[in-house]
Amino acid sequence: MTSPALEQLAGRVRSAARVVARAPSSVRDDALRLAADLLEEERASLIEANRADLARAEAAGMVDAARDRLRLTDERVGGMAGGLRKVAALSDPVGEVTEGWVRPNGLRVTRVRVPLGVVGVIYENRPNVTSDAAGLCLKAGNAAFLRGSSSAIDSNRAVVALLRRAAVKAGLPEDAVALVEDTSHETALDFMRLRGYIDCLIPRGGQALIASLVEHATVPYVLDGDGNCHIYIDGAADLAMAHELAVNAKTHRFGVCNAVETILVHAGVAADLLPRLAASFETAGVEIRADERVRALVPDSVPALESDFATEFLGPVVAIAMVDDVGDAIEHIARYSSGHSEAIVTSDVATADRFVAEVDGAAVLVNASTRFVDGEELGLGAEVGISTQKLHARGPMGVKELTTSKWVVRGDGQVRR
């Protein structure tokens with residue numbers, strides 16, 4: 001796709017965004033429900049399109065974790081449809097008055113949620129992101145402008161075609177959801193530079209994508225960054241709970257951003273916990289990279305390099321270190337964390353409260369798996385990404401995070417003196 005052709009498509013999406021912004025919530029919700037129905041009705045054709053992507057990925061030597069993110073199954077298509085229905089059932093954020101007051105001169109001041117406009121999403125592999133992102137954008141009154149990766153192009157085309165059919169059937173413009181089908185690197189850079197067309201850009205992908213966006217983007221963006229997530233197992237932890245949470249957070253799915261990558265274990269419980277934890281990881285095929293104190297208890301583990309504690313493995317590898325108290329754990333997290341999700345396992349309320357207060361992350365969990373840091377799991381219906389920055393949005397981005405605000409001031413002739 002040439003740059004003029006991309007701009008032409010962007011112009012149509014921007015025109016569609018104005019229509020979506022003023023559409024009643026019932027129309028936007030209808031589009032989501034109709035899209036959910038179509039996903040289920042056309043499930044077989046979606047999975048067939050996905051097989052073509054998977055075949056190319058396997059031939060290209062794509063690693064297992066990445067192919068897992070790419071794969072569509074009956075269950076995952078059903079989950080995509082269910083996600084759209086959950087988003088449709090959420091309250092409409094558009095027009096919500098978030099605060100208001102009356103000034104001494106009689107001016108009535110309110111702050112109201114309004115759509116962002118055109119939300120651009122640039123992402124890798126996962127075709128479920130296509131429906132999640134589009135659904136959330138429409139619910140929040142935005143147009144969804146999508147640019148997926150070449151590895152998922154057949155899947156993305158098939159999903160977007162259904163979303164566009166649903167939009168038209170509900171009474172919205174076809175270009176309320178649009179896919180950039182040219183997956184070249186040059187077009188990706190052009191997409192990041194569509195200032196005046198894209199109001200907010202959200203990336204979902206690895207370090208190379210994020211680095212490229214930071215270097216080249218000229219439109220405002222929200223970073224969906226790395227997930228170097230930690231679990232700290234305190235000296236006052238229930239060890240059976242700690243074992244289950246750590247195994248779940250690492251092995252439930254390897255290639256996701258909310259999987260735990262580093263486990264910090266209090267020295268007082270290490271001898272009781274670590275051999276059992278190591279045995280479970282061995283059964284699950286997880287390689288342990290450990291510091292010297294942990295290796296004394298888990299001699300088959302691999303000596304950890306410092307870089308291992310700063311790595312998002314996205315695979316069957318976990319780093320484990322021993323610490324002497326919660327302060328050491330907090331310092332370790334401050335040094336190596338990517339600011340995504342950090343968890344503590346403890347029965348001591350004061351220790352938990354200190355951890356929550358001092359750890360700087362988009363999400364902090366107490367006695368729960370990091371795998372719960374997900375829009376659907378937290379009750380947002382779905383997410384368009386998990387922001388690891390601090391401006392505008394942080395953590396899972398649901399419908400409210402896809403809006404901005406407008407000041408509305410009503411008077412009866414007041415002038416400033």
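The values are calculated or read from the model by the stated rules, or taken from the named source; none is laboratory data. Treat the numbers as computed from the prediction; the structure is a model and nothing was measured. Here Cβ is always computed from backbone atoms with ideal geometry, including for glycine, and neighbour counts include all displayed protein chains. All accessible areas refer to the heavy atoms of the entire protein, side chains included, with ligands and DNA or RNA removed. Shrake-Rupley method; radii C 1.70, N 1.55, O 1.52, S 1.80 Å.
So ALA352 ticks every box in (1) under 24 Å from SER387 (Cβ atoms); (2) open to solvent by less than 60 Å² (accessible area, probe 1.4 Å) but one. Which box is left unticked?
Looking at each condition in turn, ALA352 falls short on (1).
Filter segment 141-162 down to residues that are hydrophobic (A, V, I, L, M, F, W, C) and closer than 20 Å to ARG71 by Cβ and give me whichever is nearest to the chain's Cα centre (by Cα).
Per the criteria, the residue is LEU146.
Report, by residue number, each residue of segment 361-393 that is of a type in the set (Lys, Arg) and at pLDDT below 85.
Once the filter is applied, which keeps residues that are of a type in the set (Lys, Arg) and at pLDDT below 85, segment 361-393 yields only LYS390.
Run LYS86 past the list (1) closer than 21 Å to VAL180 by Cα; (2) among the basic types (Lys, Arg); (3) under 22 Å from the mean Cα position of the chain (by Cα); (4) open to solvent by 70 Å² or more (accessible area, probe 1.4 Å) and report the number of the one that doesn't hold.
Among (1) closer than 21 Å to VAL180 by Cα; (2) among the basic types (Lys, Arg); (3) under 22 Å from the mean Cα position of the chain (by Cα); (4) open to solvent by 70 Å² or more (accessible area, probe 1.4 Å), LYS86 violates only (1).
Starting from residues that are open to solvent by 20 Å² or more (accessible area, probe 1.4 Å) and at pLDDT 95 or above, keep the ones in segment 113-133 and report whichever is nearest to SER184 (Cα to Cα).
LEU116
Provide a single number: the residues in segment 355-373 that are in a loop (DSSP other than H, G, I, E, B) and either open to solvent by less than 20 Å² (accessible area, probe 1.4 Å) or in contact (Cβ under 8 Å) with a residue 40 or more places away in the chain (or both).
6
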